[in-house]
Amino acid sequence: MEGLRFAPPQPTLLHCTETVLRTSFIGPHFTKKCIAHRIRVSVSKPTAEVSSPTLTSSEDTVASSPSQGFVVAPSDRPRVSANSLQYPSGYLGAGPERSVDEGKGDVKNAMEYLTNILSSKVYDVAIESPLQLATKLSERLGNQVWLKREDLQPVFSFKLRGAYNMMAKLTKEQLEKGVICSSAGNHAQGVALAAKKLGCNAVIAMPVTTPEIKWQSVERLGAAVVLIGDSYDEAQAYAKKRAKEESRTFIPPFDHPDVIMGQGTVGMEIVRQMQGPLHAIFVPVGGGGLIAGIAAYVKRVSPE
């Protein structure tokens, strides 16, 4: 028996050709042909015979070609549909069996994310960044590619949105006690500018390896910089410890609902600014706060 070996997935935007060995009156020769987007497979021989279970339906047959001398039987692994890999409608990061009030109440449904994104106060400090057509890149790829210019924000990053959205919701007492965060750059500047706008004290823990230009930029915004630890994890541990000791509010860089909601305003702007149909949004991922926020909004208002 022979088995199927899956080739690496092909990028959907690449239009390539496939070399095929053909035989004709001129003998064996290679030709090229255009291929559609699909999963490519090749046949490889296993080292030992594998017994094939009895097929219960035609749907279970993966491939059959008696003329070529091979039959591929289904594996014992459970079938996984595309729908099973997505969260149900109305939920973000939780299944329907988990309620919003269960446990610590940290699971929010999609409607909560949507309403909070729509009512966010990020525009007290952030701008609605333009959506700019990348002309040369669009010509090269044969598709319209638009760039969301978050580099035009006051701190040159989207991180300001999440930091301010969370800090704007703090009580007067929390703001008086101050905030603290750990960062190697963009989040630090976002927290520093947000603290300056809200009139609260901010401490930023940064690794000792942070470039001087970055921590000086944070200081210019009025925050106190503490260079500590050789890595981000060490700086974060210090920040969380000091937050408890001084009753400061720790502002995480990505893994907090209010931070995610703030980043979600990027998705809201994209949907509003895009004049034609929107087919896909490509998002860079570090901690995941930006892509979570964009998905929370876009998947709710434009599920297609």
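No value in this document is a laboratory result; all are computed from the given coordinates. A quick note: this is a predicted structure, and the numbers were derived from the prediction, not measured. Ideal geometry is used to build each Cβ from the backbone, glycine not excepted, and the neighbour counts take in all protein chains shown.
Tabulated data for the structure shown
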item: Kirkwood-based shape ratio for region 189-264, expressed as Rg/Rh from alpha carbons; result: 0.95
item: Surrounding net charge for residue 177, when Lys and Arg each add one and Asp and Glu each subtract one, Cβ distance under 9 Å; result: -2
item: Estimated dipole of region 141-193 in Debye, rounded to 20 [Cβ of Lys and Arg +1, of Asp and Glu -1, Cα centre]; result: 100
item: For region 83-304: relative contact order, % (alpha-carbon pairs under 8 angstrom, 6 or more apart); result: 20
item: Exposure proxy order (Cβ contacts within 10 Å, fewest to most) of 158, 282; result: 282, 158
item: Packing rank of 161-169, 138-146, where each peptide gets the mean count of other beta carbons within 10 Å, highest leading; result: 161-169, 138-146
item: Region 224-297: Rg to Rh, with Rh as the Kirkwood radius over Cα pairs; result: 1.14
item: Relative exposure of 249, 209, judged by other C-beta atoms within 10 Å (fewest first); result: 209, 249
item: Three semi-axes of the equivalent ellipsoid, region 83-304, Cα gyration tensor, whole Å, largest first; result: 30, 23, 16
item: Where labels lie 7 Å past Cα in the beta-carbon direction, separation of residue 119 and residue 135 in nm; result: 4.4
item: Scattering curve values for region 147-226, log₁₀ I(q)/I(0), Debye with Cα scatterers, q = 0.17, 0.21, 0.26 Å⁻¹; result: -0.60, -0.88, -1.23
